[in-house]
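The next block holds one structure in the form of structure tokens; read it before the comments.
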Amino acid sequence: MQRKTLWIGVAIIVVLVVATAVVFLTQKHTLLGAVINPPSHAAEINLTDNNGKPFALSNMQGKVVLLYFGYTNCPDECPLTMAHIKQAFDILGDKSKDVQVVMVSTDPVRDTQQALKDFMAKFNPSFLGLTGTPEELQKAWKDYGVTVENDGETHSTFLYVIDQAGNIRETFQPDTQPDSIATDVRFLLTGK
Amino acid sequence: MLLKRILIASVFGMLFGIVVSEISFLWLRQYDRAPQRIELTIPAGTAEKIAQGQAAPGIPTDMGFVLGDTLVVINQDIVAHQLGPLWIPATSTASLQLQQVGNLAFQCSFEPTHYFGLDVRAALDTSTRIIGILEAGIPMGILAYLYGALVWPLKKRTS
């Protein structure tokens, strides 16, 4: 009798564990930022990167792109955001090779190619800083609803998350924790 | 006699706590609910109206939310708009679950003042009301007892 009770108890525990695992594994992931539905096609960005090469956002299809607008002399929001992204990269590990981080300058006067390269290299050498002519930059700012004032020192601080198909899926704020960014990027890398 | 005084002071304190807490509850009743999905629609032509200095129809200048609410902004305009932490592309929708309590003024592209008030509070529930009653009632009961002890001191029994 005691052995029978024991086996019933073990069976109940096994069923509960399996049921929990099934629920957990089939749970639909909810993006953690400000979700855009339906996803909005990311406007093309044609600028010059910090290596002097032409950059086109459409060439990044197949990768998840984290797009930010900032400037290298920023004392707070920009380095904070870049630091969080860098930590997210560390969390992602090998998967980070399918992610491209891009920062479009809001201060083209001071953000030379070298200044952008030095700034981005502090976080990760693969991160790209983009600049261009005032007309090219203003188009990019306008397409992404970025407010730029006071020679670029006052600017919107959204981090745009663009999936592998080139659609904006969500935006994050600068204080978003790295693990939240990494979790959503990992989900988007599955192609869902 | 001492126990009687403590009992009277406690009852008085609790009654006071109930009155104060329940009046506050009636005042804050809008937060007495479970988290919900709250939709805000930006009508077509809003950007044009804002550029002309007019207010967009049907959009409040500030809103109150409960922690856990999901704010959904539907943009029917042909340009992107911003509401604080939400950037909403043209003819699209953005949603965000509000997970932090606070009363903030956010930058907003569809108000003439360019600011939008967002008040996020913890939901009021039964436990909140009970805590409110105790936090008001216990100190008032102690004060009532002390006041009574000063004004009507206990007389020593003479044998």
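Any read-out appearing in this document is the output of simple, stated calculations on the displayed coordinates, not a laboratory observation. Bear in mind that the values here come from a model prediction, so they are computed numbers and not experimental data. We place every Cβ from the backbone using ideal geometry, glycine too, and count neighbours over all the protein chains shown.
What the table below lists for this structure:
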{"item": "Residues A:72, A:190, A:133 arranged by fewest to most Cβ contacts within 10 Å", "result": "A:190, A:133, A:72"}
{"item": "Neighbour-count order for B:39, A:136, fewest beta carbons within 10 angstrom listed first", "result": "B:39, A:136"}
{"item": "Nearest-0.05 FRET efficiency for residue A:97 and residue A:121, computed from C-beta distance (R0 30 Å)", "result": "0.95"}
{"item": "Fraction of beta bridges assigned by DSSP in the range A:33-188 that are antiparallel (%, nearest 5)", "result": "65"}
{"item": "Calculated FRET value between residue A:80 and residue B:115, using beta carbons and R₀ = 30 Å, to 0.05", "result": "0.80"}
{"item": "Theoretical FRET efficiency, 1/(1+(r/R0)^6), r = Cβ-Cβ of residue B:7 and residue B:38, R0 51 Å, to 0.05", "result": "0.65"}
{"item": "Axial C-alpha extent at least 30 Å, average Kyte-Doolittle at least -0.5 - helices from chain A (DSSP)", "result": "A:2-26"}
{"item": "Spread of Cα-to-Cα distances over 10 Å intervals beginning at zero, given as percent, for the protein assembly as shown", "result": "5, 19, 23, 18, 12, 10, 7, 4, 1, 0, 0"}
{"item": "Tensor-based shape of the range A:32-90 (alpha-carbon gyration tensor, a/c under 1.5 rounded, otherwise prolate or oblate)", "result": "oblate"}
{"item": "Global geometry of the range A:33-188, whether rounded, prolate or oblate, following the gyration tensor of its Cα atoms and the 1.5 cut on a/c", "result": "rounded"}
